[in-house]
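Below is one structure, written out as structure tokens, with a few remarks after it.
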Amino acid sequence: MTVILHAENVNFLYGEQHAVRDADLTLNRGEVAAIMGSSGSGKSSLLYCLAGVLPPASGTVTFDGMVLSSLPDVELSALRRERIGFVFQYGELLDELTAEENAALPLRLAGVPKDRAHAAAARILARLGLGDLLRRRASKLSGGQRQRIAVARALVHQPDVVFADEPTGALDSSNASTVLEEFLRLAKEQDTAVVIVTHDPQVAAKADTQYMMVDGVLAQSVTA
Ligand SMILES: Nc1ncnc2c1ncn2[C@@H]1O[C@H](COP(=O)(O)OP(=O)(O)OP(=O)(O)O)[C@@H](O)[C@H]1O
Ligand SMILES: [Mg+2]
């Protein structure tokens, strides 16, 4: 097994608030890791550090042999754009773009021609149940539909790792499990590793590795 991501002694603070304490995590290529934990325990903060969105106060995050904090800004942005996917807890789509345009963005930014990028986006959106809404603007879609577009966008460029922060929090439980199953299937097909934050023990049980976060401390749990 090849390690794609390795975090060691990661600490993150918001002022006095110690959000992540000495977190260690190793992720292999294609592995699915689930992180559970109550609200405010530091899950989103940890994901931001692992994905290079926010720099940790101390500790190291190594992505495919590269220490994120040692990369120049342009290289870190390129790495995040090309090799990482992120589903933010609150969607973060571009309202004026259509479903298809939003999902195709990572490919367009990588210089893939519009036709090919849109075709790839449409294929994933269809698998997530949005095949009929490709040309609808994001501002005219429901919360759950927007989340599915965010999932498609995080996978469309076949990244090495996708970080998903409660990616189905806005969906009802039956739709949530359908979308999650499809999400994990798509990730497996393209050998994308997944770090998913979830409150659902059934989702966590489907992961290869389970973690629990309590007051900023991350621990691997034996049972889901
Ligand atoms: N922008 C911020 N400024 C200051 N403190 C923050 C900020 N964001 C989060 N925190 C604090 O950091 C801690 C960890 O927050 P974080 O968002 O990582 O938790 P979480 O586990 O993702 O919670 P949730 O399940 O509610 O999304 C919390 O105590 C929170 O209040
Ligand atoms: Mg959160």
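Considering every residue within the stretch 82-93, establish whether at least one is modelled with pLDDT under 95, more than 16 Å from ligand 1 (Cβ to nearest atom) and either of a type in the set (Phe, Trp, Tyr) or crowded, with 21+ Cβ neighbours inside 10 Å (or both).
For the stretch 82-93, residues modelled with pLDDT under 95, more than 16 Å from ligand 1 (Cβ to nearest atom) and either of a type in the set (Phe, Trp, Tyr) or crowded, with 21+ Cβ neighbours inside 10 Å (or both): present.
Spot the failing condition for residue 80; the list is (1) over 18 Å from residue 183 (Cα atoms); (2) within 16 Å of ligand 2 (Cβ to nearest atom), and only one is missed.
(2)
Going through 65, 37 one at a time, which residue ends up being over 19 Å from residue 165 (Cα atoms) and at pLDDT 95 or above?
Result: 65 is the single residue among 65, 37 that is over 19 Å from residue 165 (Cα atoms) and at pLDDT 95 or above.
Scanning the stretch 2-52 for residues that are within 16 Å of ligand 2 (Cβ to nearest atom) and of a type in the set (S, T, N, Q), which turns out nearest to residue 186 (Cα to Cα)?
Residue satisfying both the conditions and the ranking: 44.
Please go through the stretch 134-157 and pick out each residue that is under 18 Å from residue 167 (Cβ atoms) and aliphatic (A, V, I, L, M).
Residues satisfying the conditions are 138, 141, 149, 150, 151, 152, 154, 155, 156.
Where in the stretch 1-114 are there strands (runs of 3 or more DSSP E), lying fully within it, with 1 or more residues that are touching a strand residue (DSSP E or B) at 6+ places or on another chain (Cβ under 6 Å) and among the charged types (D, E, K, R)?
Per the criteria, 3-14, 17-28.
Name the residues in the stretch 26-74 that are in contact (Cβ under 8 Å) with a residue 60 or more places away in the chain and among the aromatic types (Phe, Trp, Tyr), would you?
Answer for the stretch 26-74, where residues must be in contact (Cβ under 8 Å) with a residue 60 or more places away in the chain and among the aromatic types (Phe, Trp, Tyr): just 63.
Could you grab me the full set of residues in the stretch 1-32 that are within 19 Å of residue 80 (Cα to Cα) and small (Gly, Ala, Ser)?
Once the filter is applied, which keeps residues that are within 19 Å of residue 80 (Cα to Cα) and small (Gly, Ala, Ser), the stretch 1-32 yields 7, 30.
Looking at 217, 197, 156, can you tell me which residue is of a type in the set (Val, Ile, Thr), under 16 Å from residue 27 (Cβ atoms) and modelled with pLDDT of 95 or more?
On inspection, the qualifying residue turns out to be 197.
The values are calculated or read from the model by the stated rules, or taken from the named source; none is laboratory data. Keep in mind that what you see is a predicted model, and the values were worked out from it rather than measured. Positions of Cβ are generated from backbone atoms using ideal geometry, with glycine treated the same way; all protein chains shown enter the neighbour counts.
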